[in-house]
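All remarks here apply to the structure that follows.
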Amino acid sequence: AYRELLTEHIKREDEVLYPWLDRQLSDTQIGRLFAAFNEVDGRLADTRRRCEGIVTTLEHRFSQGESATT
């Protein structure tokens, strides 16, 4: 169910949000947003790597038929 929800969310971003932003924001505003997002991504790089590690571990466990608590 979560995958379906996430897929629909991404589709809505792609079809509604991003085209709207392209029409409403100037190139300068988009550039500022891009720079700000990159700056935050840089600060959160360690957190992102930890979360990706957790996801990888869970994917491996569930593909092996183990429970998430073992």
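What the table shows:
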quantity: Crossing angle, helix 2-12 versus the chain [Cα axis fit, 0-90 degrees, rounded to tens]; calculated: 10
quantity: Cβ charges +1 (Lys, Arg) and -1 (Asp, Glu), total dipole of the chain, debye; calculated: 200
quantity: Degrees between helix 45-63 axis and first principal axis of the chain (Cα, 0 to 90, nearest 10); calculated: 40
quantity: Hull volume in cubic angstrom per residue (convex hull over the Cα atoms of the range 1-41); calculated: 63
quantity: Over the chain: helical MRE at 222 nm, DSSP H runs n ≥ 4 each giving -39500 (n - 2.57), nearest 500; calculated: -24500 deg cm²/dmol
quantity: Restricting the range 1-34 to trypsin sites (Lys or Arg not before Pro) in coil, as DSSP defines it, with at most 14 other Cβ within 10 Å; calculated: none
quantity: DSSP-loop GluC sites (Glu not before Pro) across the chain, with at most 12 other Cβ within 10 angstrom; calculated: GLU66
quantity: Nearest-10 value in Å² for the accessible area of HIS60, using the 1.4 Å probe; calculated: 110
quantity: Equivalent ellipsoid semi-axes - Cα gyration tensor, the chain, angstrom; calculated: 34, 19, 6
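The values are calculated or read from the model by the stated rules, or taken from the named source; none is laboratory data. Since the structure is predicted, the reported quantities are computational estimates derived from the model, not experimental observations. Glycine gets a Cβ as well: all are built from the backbone with ideal geometry, and neighbour counts include every protein chain shown. Areas reflect the complete protein model, heavy atoms only, side chains present, ligands, DNA and RNA absent. Shrake-Rupley method; radii C 1.70, N 1.55, O 1.52, S 1.80 Å.
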